[in-house]
Amino acid sequence: MLNQTGNFLKRILHKISPLLIFFVPLALAMEQWACGAKPLPRPTYTESEHRRRLYPLSSESKPRQTPAPKTVLIEKTPSSSKVAEREVKPPPARVAANDRTQVTITLAPPDLTFQNNAAGEREAVYRLKKGEALYSAVVVRFTGRVDADEVNALAQKILAYNGIRDATKIADGTPIRIPLRYLDDEILSGKMPPAPRPALPAARPRQQSRQALHVILDAGHGGSDPGTMMRGWVEDEIAYDLMLRIKQGLQNRGVKVYSTVHDKQTGDQVNSGSTLANNRDEYVKVTPEYYMEDSRVALNLRIYLVEDLYRWMRQRGIPAENIILLSIHLDHLHPSLGGAMVYFPGAAERSSHYQASGRIYRNYKESRIGTIAFTRRENDAAETASENFADDLIAGFRQAQIPVHAYKPVRSYVYRHDHKWTPGIIRYSRVPVSVLLEAANLSNRDDLWRIRSAAFRQRMAEAVVRTIMKQD
Ligand SMILES: [Zn+2]
């Protein structure tokens, strides 16, 4: 039987192979024409390959198993009004935040109400406002999913749950029912801010002069890992360009800047033309240099390099609060999402130690230190300091009229495959202020249009520099 099937497949393949030889190059040429891009001398990845390269899981970062959602304990109230929901029980302890069997909603976003479905299970309800789309106004906003595939998949599930066939034909005011198992933990634990965060008051006072600030800049990807590619624009090159502009601005103001990545071809030269370099010449500045053949190794070496720089600074008496780590990336999210987003390391998302496993790490001075350990106290302090700095960054962008993510521009995680995910570079950094900036969503038409402009990138870099200078 197997043999017969094998022969059958062989015959089919034999018959269609001449067609493939003709159609595949044609399809590729059409795609290049449609995108208006010159062929890139780089490998292209599928979405999942890209994600794997982009966000490799180190040995420490395997997602923990979240218990399957059972019954959610929400006190029954006479009506489903949001006021009643706010009065029940004190907020759960942070440790219980992952366990949805223990969760009580204490403070929901103002537009979200709760009721029982036909089976007697609690569900959230949101009424779509004029001009709102299910993807951004419901899925992105309330479920913490941002990746295109995940937003689309969850939107389909929510549509099916509501018995709606076509997402594009939902009338304004239609109540969208959302099973609680899809809601972001921050809503269930009452931590979700009810409205966009207001700008914070003046930055915290600091003893040292601004010359004493030390900033580590990490431009994402590079070498054989270009990151996201969109119409000829490549994430690693845009990130490197932003990094150079920020570096220049900071150095002009007397700040000491360290970078984790160097591009042998571009060097420190900011390119003010309308195009950017597109090369594989970036390396991680470990000893000896690492040219990023493997993006997982590159990430781990970056983590060790940041730790090495941090230890070196601390040994020289530089106060921890004068050190900042800023990692720069560009996103590849659902196209409905636009604007800048900043990640900070949440204490709950961190583990107690980090170590990359593999023989390759014996070859580099920085990764020979082995384990990086985190204390609970350090993690709590880093969460607060980094979140404050992330808020300041977003406020600075708003001031400079640089678009930011509509609902939640500052976050410690997003959901990927139903698990919380935080970028490794900040998750495993002991620098008290560590943030990752997703400067724009390259899948969003307006974001891509803006970030292609050197003037816009300069404006963004200056907003970052101004925010950093306010930290002293
Ligand atoms: Zn990236």
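So here's what we get for this one:
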| item | result |
| --- | --- |
| Residue ID - surrounded by the most Cβ atoms within 10 Å (Cβ to Cβ), chosen from residues in the stretch 156-173 that are more than 18 Å from K129 (Cβ to Cβ) and free of Cβ contacts under 8 Å to residues at least 12 places away in the same chain | Q156 |
| Count of residues meeting criterion [more than 16 Å from the ligand (Cβ to nearest atom) and within 23 Å of G222 (Cβ to Cβ)] in the stretch 324-356 | 4 |
| In the stretch 378-430, residue surrounded by the fewest Cβ atoms within 10 Å (Cβ to Cβ) [restricted to those that are touching a Lys or Arg at 6+ places or on another chain (Cβ under 8 Å) and assigned to a strand (DSSP E or B)] | H419 |
| Positions within the stretch 459-472 being out of contact with any Leu (no Cβ under 9 Å at 6 or more places or on another chain) and part of a helix (DSSP H, G or I), in sequence order | R459, E462, R466 |
| Exclusive hit being at pLDDT 95 or above, of a type in the set (A, V, I, L, M, F, W, C) and within 14 Å of the ligand (Cβ to nearest atom), set L437, L448 | L437 |
| Hits in the stretch 223-258 (condition: in contact with a strand residue (DSSP E or B) (Cβ under 7 Å, 6 or more places away or on another chain), among the hydroxyl-bearing types (S, T, Y) and within 16 Å of the ligand (Cβ to nearest atom)) | T228, Y240 |
| Complete set of residues in the stretch 126-155 that are without any contact (Cβ under 8 Å) to a residue 60 or more places away in the chain, of a type outside the set (G, A, S) and surrounded by fewer than 16 Cβ atoms within 10 Å (Cβ to Cβ) | R127, K129, K130 |
| Odd one out for Y304, checked against (1) farther than 24 Å from Q251 by Cβ; (2) assigned to a loop (DSSP other than H, G, I, E, B); (3) in contact (Cβ under 8 Å) with a residue 60 or more places away in the chain; (4) more than 16 Å from the ligand (Cβ to nearest atom) | (2) |
| Residue within the stretch 437-446 that is out of contact with any helix residue (DSSP H, G or I) (no Cβ under 9 Å at 6 or more places or on another chain), part of a helix (DSSP H, G or I) and buried (at least 20 other Cβ atoms within 10 Å of the Cβ) present | no |
| Test set (1) outside any helix (DSSP H, G or I); (2) of a type in the set (G, A, S); (3) within 16 Å of the ligand (Cβ to nearest atom) - S274 fails condition number | (3) |
| Sole exception among (1) loosely packed, with under 15 Cβ neighbours inside 10 Å; (2) over 24 Å from the mean Cα position of the chain (by Cα) for E293, by number | (2) |
| Hits in the stretch 353-399 (condition: without any contact (Cβ under 8 Å) to a residue 40 or more places away in the chain, of a type outside the set (A, V, I, L, M) and touching a strand residue (DSSP E or B) at 6+ places or on another chain (Cβ under 6 Å)) | T371 |
| Residue, modelled with the highest pLDDT, within the stretch 208-225, restricted to residues that are part of a loop (DSSP other than H, G, I, E, B) and in contact with a Pro (Cβ under 8 Å, 6 or more places away or on another chain) | S224 |
| Qualifying residue in the stretch 329-338 (condition: assigned to a helix (DSSP H, G or I) and either over 18 Å from A382 (Cβ atoms) or among the charged types (D, E, K, R) (or both)) | no |
| Any chance E293 is over 15 Å from S259 (Cα atoms), away from the ligand (no atom under 16 Å from the Cβ) and part of a helix (DSSP H, G or I) | no |
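Conditions tested, residue by residue: (1) touching a His at 6+ places or on another chain (Cβ under 7 Å); (2) more than 26 Å from Y364 (Cβ to Cβ); (3) more than 16 Å from the ligand (Cβ to nearest atom); (4) among the hydroxyl-bearing types (S, T, Y).
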| residue | (1), (2), (3), (4) |
| --- | --- |
| L217 | no, no, no, no |
| T260 | no, no, no, yes |
| G267 | no, no, yes, no |
| V270 | no, yes, yes, no |
| Y283 | yes, no, yes, yes |
| N300 | no, no, no, no |
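The values are calculated or read from the model by the stated rules, or taken from the named source; none is laboratory data. On a predicted model such as this, the values are computed, not experimentally measured, just so you know. Note that each Cβ is placed from the backbone with ideal geometry, even for glycine, and that neighbours are counted across all protein chains shown.
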